[in-house]
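Beneath this line is the structure, given in structure tokens, with notes to follow.
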Amino acid sequence: RAAALPPYLTGLNPEQREAVEALDGPVLVLAGAGTGKTRVLTTRIAHILATGRAYGSQILAVTFTNKAAREMKHRIGGLVGGAVEAMPWLGTFHSIGVKILRRHAELVDLKSGFTILDTDDQLRLLKQVIEAEGLDKDRWPARQLAGLIDGWKNRGLTPSKVPPGEGFAFGNGKGAALYAAYQKRLKELNAADFGDLLLETLRLFMEHPDVLADYHRRFRYILVDEYQDTNVVQYLWLRLIAQGSPNICCVGDDDQSIYGWRGAEVDNILRFEKDFPGARIIRLERNYRSTGNILAAASGLIAQNKGRLGKTLFTDGETGDKVTVMGVWDDEEEARSVVREIEEQGKAGQRLNGIAILVRASFQMRAFEDRFVTTGIPYRVIGGPRFYERAEVKDALAYLGVTLNPANDLKFERIVNVPKRGLGDTSVERIHALARARDIPLFRAAREIVETEELGGKARKSLRDLVTAFERWRSLIDTMKHTELAELILDESGYTAHWQNDKSPQAQSRLENLKELVRFMHEFETLEAFLEHVSLVMDTEQGDDGERVSLMTLHAAKGLEFDTVFLPGWEEGLFPHQRALDESGEKGLEEERRLAYVGLTRARRQAKVSFAQNRRTRGLYQSALPSRFVDDLPEANVEVLETKSPFGGAYQNFGNPFEGGFGRGGYGKSRFDNAEPRFGATYDTPGWQRAQSYEKTKSRDENWSRDAEQRRRSAMRPT
Ligand code: ATP
Ligand code: MG
């Protein structure tokens, strides 16, 4: 009998096979990391195709990223042998949504060639809408409104469905009305934003049952990966479509729900049985990905969370290396030692494609990218731009670049109206015209044009202010420390404030990136030396081919796996991230811990945690505390690496933290804390020292702006 089994079924364990073969009726595969959930989905599709149950075009399969969709298609091909017939409905929620929307655009007041707005377009439009309502656009930032609207769209709320009172805080009670006005403008422009791709499909289905019925007939099988991270609109959308066929199979892991901050609702997974009566729940418990130590470490960590369904996980694989934990002096040292180790592993024959560095915050990438470029190790950044290609970093570099060399036209043009200072396309075009006519750089043309009547009063004034500011900044190059000058420029130009006023979650990370950029400047003697280094780093080719180390955020690592995973920056305030704790308290902490679980479970053979004892901000060392997640790792599965101080000796506090007076038994402080309490007191409560550290972090930010104010004053004082 076994010989008759199609080859794609032979490697599966009994539960996996059950999940693949249970084609009729709803199925939920609820299982921990690395148990083969994605593999089950892929094999299930292969099985449907191979048994002739449906054509590829009759299968709706949802993945979390486009990359995952491509990979899945490729794997299916491998399983059924040969090319897979077209699977037009295999993709992300958004890519499937846009496809449906284009076919029926007229029904939701669009034309099929509608454009999809990117964030910049969206903001520009929102700004117009805000102004058209007679509101002050400086008081009511478009970004904040964008955040509100995205939130509503994620929850499946059209303007008329927004609960009364919500959005009241924005625009003198006009939040919801602005949303309605914005939607109307979108239709007039024949455009949709990202959120519309799902929300408008949902509306289409609800208002046009005949269209929905058509899709009901079409989709014989529905499959969804990473189900724990679906948000409300995705959930409603799925439920509508699934009314046509009971054959829906969702796979997920409540412990890996990491997008709550973006509206994902892990409850969707808990509701599955209710939503799909007669659902079969299949649990997979054998982990095929990680060694015993890694799996045990990850399981011990996630066990600290209270709100979870709870699962058993085991592996028949080898015990393998313990998870290593290393404390280093500072973040530069962390990058140096991680990259050094990667270099050694590479020399020893380890494939670079099998190595990943997973960071909590994008600013952490800077140090690693610099080391990679310096050492010539090829790398790729997954799921986002490289550090120096981030918009905010490029803007900041443009300001610095123009200060150093006013003739740099590209850079000048980039920031002439960033942040917005009333210099629209027409003004910029006039500067260009003059520059062309006289064959001079844009900056000089700008300086000349403000002496004429060419530009309107307001534009002329703000351009004059900008030119004067650049000239003053330039005059400070020789007298002011380059790092202080950089901060001064970012403050005075209004660039820092531009992001400080921004209430979107991304703004925080942009500010962190700006700080990191300035922080890194301390490593250089002059502005010039720094900019030269940056241009070298930016110049290195980043193909996607060949063997490369992967660098990405923990969020982007979901579903992926690597032989060796480095997990740097396990420090309080960074991971768990302060913002998650401040904004969502215990819930936020649990989501951060799930993120740590996701990180650890990406590793097949080696997981390497590290933390820096000090992070340098603006040239000053701030002591950091090891993350509480380090304490969450079971002692038996962890090896603490002895760390040398830059002065040769071992740190006094890194003897063997598991022994002596501050082991895990001695609760009240981390086993990595100094034997000498750093803040000079005894520990009454476990949270005491951490509370101190939060205070420190906070006041650091306050100092940041206060200092900025002082610098501004002293720079303006006539000398
Ligand atoms: P995650 O929760 O991280 O998304 P997952 O549950 O989707 O994980 P997969 O990525 O499907 O897990 O599988 C993890 C690894 O285990 C993959 O390398 C996969 O090929 C392998 N694997 C899964 N099932 C088996 C099996 N029956 N035999 C051998 N290897 C398997
Ligand atoms: Mg998976």
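The values are calculated or read from the model by the stated rules, or taken from the named source; none is laboratory data. Given the structure is predicted, the values throughout are model-derived calculations rather than measurements. We place every Cβ from the backbone using ideal geometry, glycine too, and count neighbours over all the protein chains shown.
List the helices (runs of 4 or more DSSP H) that sit entirely inside the stretch 475-527 and contain at least 3 residues that are within 17 Å of Gly401 (Cβ to Cβ), modelled with pLDDT of 90 or more and not polar (S, T, N, Q). Can you show your working first?
Details: elements: 482-492, 495-500, 505-521.
Correct list: 482-492, 505-521.
Could you please find all residues in the stretch 182-232 being surrounded by fewer than 16 Cβ atoms within 10 Å (Cβ to Cβ) and not in a helix (DSSP H, G or I)?
Leu189, Asn190, His208
Say we look at the stretch 250-276 and pick out the residues that are surrounded by fewer than 18 Cβ atoms within 10 Å (Cβ to Cβ) and either touching a residue at least 24 places away in the same chain (Cβ under 8 Å) or in contact with a helix residue (DSSP H, G or I) (Cβ under 7 Å, 6 or more places away or on another chain) (or both); which of these is nearest to Lys587 (Cα to Cα)? Don't jump to the end; show me each part of the working.
Applying the first criterion (surrounded by fewer than 18 Cβ atoms within 10 Å (Cβ to Cβ)) to the stretch 250-276 yields 261-262, 267, 270-271, 273-275.
Pick out the ones that are also either touching a residue at least 24 places away in the same chain (Cβ under 8 Å) or in contact with a helix residue (DSSP H, G or I) (Cβ under 7 Å, 6 or more places away or on another chain) (or both) and you get 261-262, 270, 273, 275.
Numbers: Trp261: 10, Arg262: 14, Leu270: 17, Glu273: 24, Asp275: 25 Å.
The qualifying residue nearest to Lys587 (Cα to Cα) is Trp261.
Among (1) farther than 30 Å from Asp582 by Cβ; (2) at pLDDT 90 or above; (3) touching a strand residue (DSSP E or B) at 6+ places or on another chain (Cβ under 9 Å), where does Tyr288 come up short?
All conditions are met except number (3).
Return the residues of the stretch 27-74 that are in a helix (DSSP H, G or I), in contact with a helix residue (DSSP H, G or I) (Cβ under 6 Å, 6 or more places away or on another chain) and of a type in the set (A, V, I, L, M); say none if nothing qualifies.
Val40, Ile45, Ala46, Leu49, Ala50, Met72
Can you name the residue in the stretch 544-567 that is within 13 Å of Leu595 (Cα to Cα) and assigned to a loop (DSSP other than H, G, I, E, B) and, of all such residues, is farthest from ligand 2 (Cβ to nearest atom)?
Leu554
Considering only the stretch 289-345, state which residues are touching a residue at least 24 places away in the same chain (Cβ under 8 Å), surrounded by fewer than 23 Cβ atoms within 10 Å (Cβ to Cβ) and among the acidic types (Asp, Glu).
Those that are touching a residue at least 24 places away in the same chain (Cβ under 8 Å), surrounded by fewer than 23 Cβ atoms within 10 Å (Cβ to Cβ) and among the acidic types (Asp, Glu): Asp316, Glu318, Asp321, Asp330, Glu332, Glu333, Glu341, Glu343.
Can you pull out the residues in the stretch 257-285 that are within 12 Å of ligand 1 (Cβ to nearest atom) and in contact with a Gly (Cβ under 8 Å, 6 or more places away or on another chain)?
Leu284, Glu285 - these are the residues of the stretch 257-285 that are within 12 Å of ligand 1 (Cβ to nearest atom) and in contact with a Gly (Cβ under 8 Å, 6 or more places away or on another chain).
Looking at Leu455, Leu567, which one is farther than 18 Å from Leu397 by Cβ, in contact with a Gly (Cβ under 9 Å, 6 or more places away or on another chain), of a type in the set (A, V, I, L, M, F, W, C) and surrounded by 19 or more Cβ atoms within 10 Å (Cβ to Cβ)?
Values: Leu455 fails: in contact with a Gly (Cβ under 9 Å, 6 or more places away or on another chain).
Residue meeting the stated conditions: Leu567.
Which one of Val549, Val450 is buried (at least 18 other Cβ atoms within 10 Å of the Cβ), at pLDDT 90 or above, in contact with a helix residue (DSSP H, G or I) (Cβ under 6 Å, 6 or more places away or on another chain) and over 29 Å from His432 (Cα atoms)? It would help to see each step written out before you state the result.
On the way: Val450 fails: over 29 Å from His432 (Cα atoms).
Going through Val549, Val450 in turn, just one is buried (at least 18 other Cβ atoms within 10 Å of the Cβ), at pLDDT 90 or above, in contact with a helix residue (DSSP H, G or I) (Cβ under 6 Å, 6 or more places away or on another chain) and over 29 Å from His432 (Cα atoms): Val549.
Scan Thr92, Thr63, Thr42 and give me the residue that is among the β-branched types (Val, Ile, Thr), within 16 Å of ligand 2 (Cβ to nearest atom) and surrounded by fewer than 21 Cβ atoms within 10 Å (Cβ to Cβ).
Thr92 is the lone residue from the list that is among the β-branched types (Val, Ile, Thr), within 16 Å of ligand 2 (Cβ to nearest atom) and surrounded by fewer than 21 Cβ atoms within 10 Å (Cβ to Cβ).
What do you reckon, is Val29 surrounded by fewer than 21 Cβ atoms within 10 Å (Cβ to Cβ) and either away from ligand 2 (no atom under 13 Å from the Cβ) or modelled with pLDDT of 90 or more (or both)? Talk me through it step by step, then tell me what you get.
Details: surrounded by fewer than 21 Cβ atoms within 10 Å (Cβ to Cβ): no; either away from ligand 2 (no atom under 13 Å from the Cβ) or modelled with pLDDT of 90 or more (or both): yes.
So Val29 fails the test.
When you go through (1) at pLDDT below 95; (2) within 16 Å of ligand 1 (Cβ to nearest atom) one by one for Val20, which number turns out not to apply?
(1)
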